[in-house]
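Report on the structure given below.
The values are calculated or read from the model by the stated rules, or taken from the named source; none is laboratory data. Values in this document were obtained by computation on a predicted structure and should not be read as measured data. Neighbour counts run over all protein chains shown; Cβ positions are idealised from the backbone, glycine included. Each accessible area value is taken on the protein alone, full model and side chains, heavy atoms only, with ligands, DNA and RNA left out. Shrake-Rupley method; radii C 1.70, N 1.55, O 1.52, S 1.80 Å.
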Amino acid sequence: MSTDALLHSPLHDRHTALGAKMADFGGWLMPIEYPGGGVVAEHTAVREKVGIFDVSHLGKARVSGPGAAAYVNACLTNDLERIHIGKAQYTLCCNESGGVVDDLIAYLRSDEDVFLIPNAANTATVVEMLQAEAPTGITVENLHDQYGVIAVQGTLSDEVLESLGLPTGHDYMSFVETDWEGLPVIVCRTGYTGERGYELVPMWDNAGPLWDTLAVAVAERGGLVCGLGARDTLRTEMGYPLHGNDLSPDITPVMAGSAWAVGWDKPAFWGKAALTEQRAAKTSRLSRGLLVTGRGIPRSHCAVIDSEGASVGEVTSGTFSPTRKQGIALALLDRSVALGDSVSIDVRGRVVEAEVVKPPFVEVQVRES
Amino acid sequence: MSDFDYPDNLRYTAEHEWVRPGDGEIVRVGITAYAQDALGDVVYVSAPSVGAAVTAGESCGEVESTKSVSDLYSPLTGTITAVNEALDAAPELINTDPYGEGWIFEMSLADASAVEALMDASAYRENLA
C-alpha cells in the first residue's frame, strides 16, 4: 500500500516535525520511533519513568439508546454485569465459530451508553456487526475520526497528569470524564504496557495542544515521546495479545488464554456455542510464552519443535525483550507441551532453544494503587 | 539522509555494507550509518564463522533490530578471518559506532583488486539519493 492511502492521526504533523519513522498500523500512518529515542530507549523510559504514545489510530465507537449495555452484553464475550458504571472492561468480538474478529475495551458510561475502543483495522467491521443486529432504538456509531487517544504510561504518569490538573489515582480499568483547559477529555486508567498509566481520549481537534503539554511534562521528568515500536515490545513482555498475531478469526479466546474475558454463564454472546464446545473438548492449541535461553529472536510464524523433533506449534508474536535482553515470544502450542519444557524454535533455518513459560516476562505494575 | 557520515577511506555496496581496505588481501566489513538508522536498535548479529567461505552478493548472516531482521551480504568473495565478538554482548555498537567498534567481520579476499570495483563514498551517497 502506498503511504498516500493511509489515514493520518490528529498529531501527524507533530510526528513528522520530530522526524519520526512512520509506518502503516492498521491503515494509519503512525510513528514507530523517534530520533533521539529508538525502540529500546523509549521502552526503557516507560519501564523506568514515563512515556507518551499517540494511539489515535485506535477505533472509537458508541452504542447508545435504551438497553444499549444489555445489547452489547449479548454480543461481546465479557460480562458487563461484572462491572459498574464508570468502569471499563476488556472484551472480545467473536464470530460464530469462536474466532476473534477483534479485542476491544468497553467503557460503561450508563446502561444506555457504551463507548468502545476497537483496533484500528477492525473498527468498521465491529461497528457493522453491531449495527446489523441492533434492536430498534439502539444506535451504533463509528466515531473513529471524532477523538484522539494519547497513552501516558509509566510510574511517573500520575505526576505528569497532575501537572496538567488532570485526575489520577482512580482504580485500574476505571475512567473519569473531565475537562482540560475547558476541553472535554476522558481519563482512563488503562494501557498496553504493563506499567501504571492512563489513556486520554480528547476530541480529535483538541488532541494537539494536549499532546504538546504532555510532551513538555514528560520531558521535564526524563521521559520520552514513544512510538508504536516500543508499545509492541512493552506489550509482548507482558504477554498481552495483539489482534492479527495472537488473536485472529482463526484463533479463539480459548486458544489465546483470553477465556477470562468471556462471560461463560451469560445466556448469549457471539460464538458462545462454538467456544463452549472447544473449551470442553480441551484439545485445541494454547498460547504460551517462550523465553529464549540461547541466542536469537523468534518472529511470527516460526515453527516450534519439541525434543523429539516433532513440530508442536507456531510463534504468533516474537521480539527482543529490552528488559530481559533476550528473545521472547508468544506461541500457540500443542497441549502435549508443558510449562517448563525445553523446545526449539526454527528461526529461518537456525535452531534457537527456549523454555516454555507463563507470561508476563516482566513484573506487572499495572494495578498498584 | 545527507546528515550521515560516509568516510572517504571506505568502499560501499548497494546492500549498505562498508569495506575498509587494509594491508594486502584482508579487509574489514560492517554496515553503513544509513543501514543502522534504517534498522533501528540492533539487538542481535549473526555473523559467519571464522574460516567460512563467502561469496560476493550472497547472504552470510543476519542483523536483527527490535523491529525486523535484515540479511547481511558478503560484499566480496573470500574467507572469513575474524568476527567482532564484542557484538555478542553489545550489538548496539553497530548503532553507536558503525564504522569503528561496530565492525562485523574481517575477510581475506580471493582477489585483492575486487575491492576497487565497489562504490566510493560519493558514489554511495548518490546511490542513496
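Out of B:70, B:74, one residue alone is within 13 Å of another protein chain (Cβ to nearest Cβ) and touching a strand residue (DSSP E or B) at 6+ places or on another chain (Cβ under 6 Å). It is B:70.
All of (1) outside any helix (DSSP H, G or I); (2) open to solvent by 10 Å² or more (accessible area, probe 1.4 Å); (3) at pLDDT 95 or above; (4) more than 27 Å from residue A:35 (Cβ to Cβ) hold for residue A:254 with one exception: (1). Note on the stretch A:2-25: residues that are modelled with pLDDT of 95 or more and open to solvent by 20 Å² or more (accessible area, probe 1.4 Å) amount to 15. Applying the selection to the stretch A:28-51, what residues are in a loop (DSSP other than H, G, I, E, B) and facing chain B (nearest Cβ under 10 Å)? A:35, A:37, A:38, listed by residue number.
Can you name the condition, by its number, that residue A:274 falls short on among (1) part of a loop (DSSP other than H, G, I, E, B); (2) of a type in the set (Gly, Ala, Ser); (3) farther than 15 Å from residue A:104 by Cα; (4) open to solvent by 20 Å² or more (accessible area, probe 1.4 Å)? Residue A:274 satisfies all of (1) part of a loop (DSSP other than H, G, I, E, B); (2) of a type in the set (Gly, Ala, Ser); (3) farther than 15 Å from residue A:104 by Cα; (4) open to solvent by 20 Å² or more (accessible area, probe 1.4 Å) except (1). For the stretch A:42-98, a residue qualifies if it is open to solvent by 40 Å² or more (accessible area, probe 1.4 Å) and among the small types (Gly, Ala, Ser), and the qualifying residues are A:70, A:74, A:97. Evaluated against (1) farther than 15 Å from residue B:10 by Cβ; (2) open to solvent by 20 Å² or more (accessible area, probe 1.4 Å), residue B:74 falls short on exactly one condition, (2). Taking the stated definitions as given, is residue B:80 within 14 Å of chain A (Cβ to nearest Cβ) and touching a Gly at 6+ places or on another chain (Cβ under 8 Å)? Considered against the rule, which asks whether it is within 14 Å of chain A (Cβ to nearest Cβ) and touching a Gly at 6+ places or on another chain (Cβ under 8 Å), residue B:80 comes out as no.
On the stretch given as the stretch B:102-125, residues that are outside any loop (DSSP other than H, G, I, E, B), of a type in the set (A, V, I, L, M) and either open to solvent by 70 Å² or more (accessible area, probe 1.4 Å) or under 16 Å from residue B:9 (Cβ atoms) (or both) total 5. Identification of strands (runs of 3 or more DSSP E) wholly contained in the stretch A:279-330 with 2 or more residues that are within 11 Å of chain B (Cβ to nearest Cβ) and within 21 Å of residue A:231 (Cβ to Cβ) yields A:311-321. Restricting attention to the stretch B:49-66 and to residues that are more than 12 Å from the chain's Cα centre (by Cα) and surrounded by 20 or more Cβ atoms within 10 Å (Cβ to Cβ), the residue that is farthest from the other protein chains (Cβ to nearest Cβ) turns out to be B:54. Among the residues of the stretch A:110-121, is there at least one that is more than 23 Å from residue A:7 (Cα to Cα) and in contact (Cβ under 8 Å) with a residue 60 or more places away in the chain? Checked the stretch A:110-121: no residue is more than 23 Å from residue A:7 (Cα to Cα) and in contact (Cβ under 8 Å) with a residue 60 or more places away in the chain. Out of A:136, A:155, one residue alone is free of Cβ contacts under 8 Å to residues at least 12 places away in the same chain and open to solvent by 50 Å² or more (accessible area, probe 1.4 Å). It is A:136. Just to verify a result, which residue in the stretch A:218-236, among those that are in contact with a strand residue (DSSP E or B) (Cβ under 9 Å, 6 or more places away or on another chain), more than 14 Å from chain B (Cβ to nearest Cβ) and assigned to a helix (DSSP H, G or I), is most open to solvent (accessible area, probe 1.4 Å)? Only one residue fits best here, namely A:219.
Would you confirm, using the coordinates I've provided, whether residue B:85 is within 14 Å of chain A (Cβ to nearest Cβ) and of a type in the set (D, E, K, R)? So residue B:85 passes the test.
If the condition is being part of a loop (DSSP other than H, G, I, E, B) and acidic (Asp, Glu), then the stretch A:332-367 contributes A:334, A:341, A:363.
Of all the residues in the stretch A:140-151, those that are in contact with a helix residue (DSSP H, G or I) (Cβ under 8 Å, 6 or more places away or on another chain) and over 18 Å from residue A:12 (Cα atoms) number 3.
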